[in-house]
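Visitor: I am attaching a structure below and will ask some questions about it afterwards.
The values are calculated or read from the model by the stated rules, or taken from the named source; none is laboratory data. Because the structure is predicted, anything quoted here is derived from the model rather than measured. Cβ sites come from the backbone with ideal geometry, for glycine too, and all protein chains shown count toward neighbours.
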Amino acid sequence: MTQVWRRRTTKAQWAIWAGWMIGTLIVAQGWHFIAEATLWDFVWDAPTQAADMLGRMVPPRWSYAPAIVKPLWDTVNIATLGTLLAILMATPIAFLAARNTTPQAIPLRPVALGVIAVSRSINTLIWALLLVTIVGPGMLAGILSVALHSIGFFGKLLYEAIEEIDPAQTEAIAATGASQAQVLAYGVVPQVMPTFAGVSVYRWDINIRESAVLGIVGAGGIGLQLNASVSQLAWPQVTLILIAILGAVAVSEWLSAKVRAAIV
Amino acid sequence: MLRLTGLTKRYDRGDPALNGVDLVVPDGEVVALIGPSGAGKSTLIRCTNRLVEPTSGSVELDGEVITALSSAGLRVARRRMGMIFQEFALIERLTVMENVLSGRLGYVGFWASWFRRFPPEDVRQAFHYLDRVGLAGFENKRADALSGGQRQRVGIARALMQSPALLLVDEPTASLDPRTSRQIMRLILELCGERGLAAIVNIHDVALAREFAHRIVGLRKGVVVFDGKPEALTPDALTTIYGSEETDA
C-alpha cells in the first residue's frame with residue numbers, strides 16, 4: 001500500500017481556492033468602481049501639471065533663508081522637548097503596564113494600557129488641533145501634542161521590552177534579599193536600557209518630521225511658513241522650506257543612528 | 001543549620017512536586033540533591049528561600065522560621081541564603097563588580113545602590129572575593145564578556161557577598177564542560193569548608209556528587225528516597241532514585 005501524505009485536507013484546499021476567487025472578484029469590482037468615479041481628464045493631465053509646478057519651484061528662493069532659521073529651530077525644540085516630556089511620563093506608565101512589573105493587575109494595569117492606547121490612536125496633528133483651542137496657538141501646544149502622542153508609542157515599546165526580559169536575572173536579585181525597587185533597578189532596568197535609549201532617539205527622529213507640519217494648525221514651528229507659502233503660491237519658498245526640513249531630518253537620523261550604535 | 005519539616009509544594013494540577021520532605025543540614029555540610037528530572041530538586045531549593053511559596057510544611061534557618069515571615073522579614077532572611085544558578089543569572093549588561101556588589105543589595109538602601117555608592121567595606125570585600133574565586137582584575141569587564149566558568153565564579157562571589165549561612169546551589173555545572181565543572185564544584189566545597197556554610201547542591205552528575213558532597217539525598221517524585229553517605233550510594237540505591245532502565249517512571 002502506498003502511503004499518501006497531503007499538507008492540507010481536500011476541504012481546506014477548496015476553502016483556500018474559494019478565498020482567492022472571492023478576493024479576485026472584490027479587487028475587480030473595486031477597480032471598476034474607482035474607474036467610474038475618476039475624472040480621467042485630470043489624471044491624464046497630471047504629468048503636465050507636475051512638470052509645470054516643478055518648473056515654478058526651482059530655483060529655490062535662497063534669500064528667504066534667514067526668515068526660516070528661527071521657525072526651523074522652534075521645530076527642533078518642539079520635537080526635543082515633546083520627546084523628553086513623553087519619556088518622563090511614559091516610563092512609569094510602561095512599568096505599570098508591563099505584566100511582570102505592575103504593582104496591581106486590576107485596575108492599575110488596564111488603566112495604564114488604556115492611556116497608551118488613547119495616546120497612540122490620536123495623531124499628533126489631531127492632538128495639536130485640540131490643544132491649540134485649549135492652550136492657544138504657539139509652541140506650547142506643539143510640544144504638548146508631540147508629547148501626548150509619543151507617550152503611547154514610547155510606553156508600548158518599553159512595556160513590551162519589560163515583559164520580554166530574562167526572569168532569571170530578576171529572580172537572582174530577589175534572592176539576595178533586595179527590595180522590590182532594587183529588583184527593578186538591578187534586575188529590570190539594565191535589561192531594558194538598550195530599548196529605552198534606542199526608542200527615545202527613534203521617537204525624537206520621528207517627532208522632528210511630525211513637528212514640521214504642526215504649524216499648519218497653528219502649533220508653532222516651520223509648518224506655519226510652509227502653509228503660508230503654499231497658499232501664496234510662493235513655490236520657490238516652498239522648495240527652500242522642504243530643503244530645510246530634509247536637512248533637519250537627515251541630521252536627526254544621523255544622530256540617532258550614532259546614539260543607537262553606541263548603546264547596544 | 002537548616003531544617004525542612006514536611007515541606008510540600010503542590011502546583012495547580014497534578015501530583016505534588018514536593019511531598020512532605022524532612023531534611024536537616026548542619027553547618028558546614030554539603031548535601032548533593034540528586035534525582036531524575038521533575039523529581040522536585042529545583043522546587044525544593046526555591047521553596048527554601050521562598051522564591052516558590054511552599055504549600056505546607058516549614059523551613060527553619062538557625063532557629064528562625066522562614067515560612068512564617070512577612071515579606072519584609074523574608075527579605076532580611078534571604079540575605080543569609082546565597083543562591084547560585086545553572087545559567088548563572090548574572091545581570092548581563094552590568095560589570096563584574098556591579099554583579100558582585102549586587103549581593104549586598106539587601107544591606108544597602110535604594111539610592112546608594114542606584115548610584116553604585118556601596119560602603120567601602122563592601123567594595124573591599126568584593127575585591128577580596130573576586131581574588132578568592134580567581135577573577136582578580138576582572139572587575140570592570142561586562143558579565144556578558146566572560147566565559148561560562150568565569151560567570152559561575154562571579155555568581156559564587158555574589159552569593160558570598162551576602163555573608164550567607166546557607167548556599168542554595170541549583171545545577172551549578174549543567175552549563176559547563178567537565179573540567180570547569182570539577183573546578184567549580186571544588187571551589188564551592190572549599191568555600192563551604194572555609195566558612196562553615198551549609199549547602200544544598202542540585203546536581204545531575206552522580207559522579208560529581210559522589211566525589212564532592214559530604215552527603216547525598218535522593219529525591220524521586222517529591223519524596224526523599226535516599227539519604228546517606230556517598231559510599232552508601234550503591235547501584236540498588238541508584239535504581240531506587242532513578243528507576244530501572246527497563247521501566248518508565
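Visitor: Take the conditions of a type outside the set (Gly, Ala, Ser), more than 10 Å from every other protein chain (Cβ to nearest Cβ), touching a residue at least 60 places away in the same chain (Cβ under 8 Å) and within 30 Å of residue B:76 (Cα to Cα) and apply them to residue A:163. Does it pass?
Guide: yes
Visitor: Does any residue of region B:55-77 turn out to be in a loop (DSSP other than H, G, I, E, B), surrounded by 16 or more Cβ atoms within 10 Å (Cβ to Cβ), on the phi > 0 side of the Ramachandran plot and modelled with pLDDT under 95?
Guide: no
Visitor: Next up: Run down A:168, A:117 and say which single residue is surrounded by fewer than 18 Cβ atoms within 10 Å (Cβ to Cβ), assigned to a helix (DSSP H, G or I) and within 14 Å of chain B (Cβ to nearest Cβ).
Guide: Just a single option satisfies the conditions, and that option is A:168.
Visitor: What single numbered condition from (1) without any contact (Cβ under 8 Å) to a residue 40 or more places away in the chain; (2) part of a helix (DSSP H, G or I); (3) over 18 Å from the mean Cα position of the chain (by Cα) fails to hold for residue A:64?
Guide: The one condition residue A:64 does not meet is (1).
Visitor: Based on what the data block shows, is residue A:203 of a type outside the set (A, V, I, L, M, F, W, C), in contact with a Ser or Thr (Cβ under 8 Å, 6 or more places away or on another chain), in contact (Cβ under 8 Å) with a residue 12 or more places away in the chain and in a helix (DSSP H, G or I)?
Guide: In short, yes.
Visitor: Further, regarding this structure: Check region A:14-35 and report whether any residue there is out of contact with any helix residue (DSSP H, G or I) (no Cβ under 7 Å at 6 or more places or on another chain) and closer than 30 Å to residue A:116 by Cα.
Guide: no
Visitor: Across region B:165-212, which residue is surrounded by the most Cβ atoms within 10 Å (Cβ to Cβ) among those that are part of a strand (DSSP E or B) and in contact with an Asp or Glu (Cβ under 7 Å, 6 or more places away or on another chain)?
Guide: Step by step, filter region B:165-212, then rank; the result is B:202.
Visitor: Considering every residue within region B:114-124, establish whether at least one is at pLDDT 95 or above, buried (at least 22 other Cβ atoms within 10 Å of the Cβ) and away from chain A (no Cβ under 13 Å).
Guide: no
Visitor: Separate question: When region B:136-162 is examined, which residues are found to be surrounded by 15 or more Cβ atoms within 10 Å (Cβ to Cβ) and either away from chain A (no Cβ under 14 Å) or not in a helix (DSSP H, G or I) (or both)?
Guide: Once the filter is applied, which keeps residues that are surrounded by 15 or more Cβ atoms within 10 Å (Cβ to Cβ) and either away from chain A (no Cβ under 14 Å) or not in a helix (DSSP H, G or I) (or both), region B:136-162 yields B:138, B:139, B:141, B:142, B:146, B:148, B:149, B:150, B:153, B:162.
Visitor: Does any residue of region A:24-37 turn out to be part of a helix (DSSP H, G or I), touching a Gly at 6+ places or on another chain (Cβ under 9 Å), surrounded by 10 or more Cβ atoms within 10 Å (Cβ to Cβ) and of a type outside the set (Lys, Arg)?
Guide: No, every residue in region A:24-37 fails to be part of a helix (DSSP H, G or I), touching a Gly at 6+ places or on another chain (Cβ under 9 Å), surrounded by 10 or more Cβ atoms within 10 Å (Cβ to Cβ) and of a type outside the set (Lys, Arg).
Visitor: List, please: which pairs have Cβ atoms under 8 Å, are six or more places apart or on different chains, and start with a residue in region B:119-135 that is in a helix (DSSP H, G or I) and end with one that is not hydrophobic (A, V, I, L, M, F, W, C)?
Guide: Note: pairs meeting the criteria are B:122/B:104; B:122/B:107; B:126/B:139; B:127/B:139; B:130/B:139.
Visitor: Also: Which one of these does residue A:137 not meet: (1) over 30 Å from residue A:166 (Cα atoms); (2) in contact with a helix residue (DSSP H, G or I) (Cβ under 7 Å, 6 or more places away or on another chain); (3) not in a helix (DSSP H, G or I)?
Guide: Every condition holds for residue A:137 apart from (2).
Visitor: Now a separate question. Consider residue A:239 carefully, then state whether it is in contact (Cβ under 8 Å) with a residue 24 or more places away in the chain, under 22 Å from residue A:82 (Cα atoms) and either within 14 Å of chain B (Cβ to nearest Cβ) or among the polar types (S, T, N, Q) (or both).
Guide: When the stated conditions are applied, residue A:239 does not pass them.
Visitor: Quick check on region B:86-98: of everything there that is without any contact (Cβ under 8 Å) to a residue 60 or more places away in the chain and at the interface with chain A (Cβ under 9 Å from one of its Cβ atoms), which residue is surrounded by the most Cβ atoms within 10 Å (Cβ to Cβ)?
Guide: Out of the qualifying residues, it is B:91.
Visitor: Among (1) surrounded by fewer than 19 Cβ atoms within 10 Å (Cβ to Cβ); (2) of a type in the set (Gly, Ala, Ser); (3) under 20 Å from residue A:201 (Cβ atoms), which single condition is residue A:63 missing?
Guide: The number of the failed condition is (3).
Visitor: Now a separate question. Go through region B:99-113 and give me each residue that's crowded, with 24+ Cβ neighbours inside 10 Å and free of Cβ contacts under 8 Å to residues at least 40 places away in the same chain.
Guide: If the condition is that a residue be crowded, with 24+ Cβ neighbours inside 10 Å and free of Cβ contacts under 8 Å to residues at least 40 places away in the same chain, then B:105 is the only one that fits.
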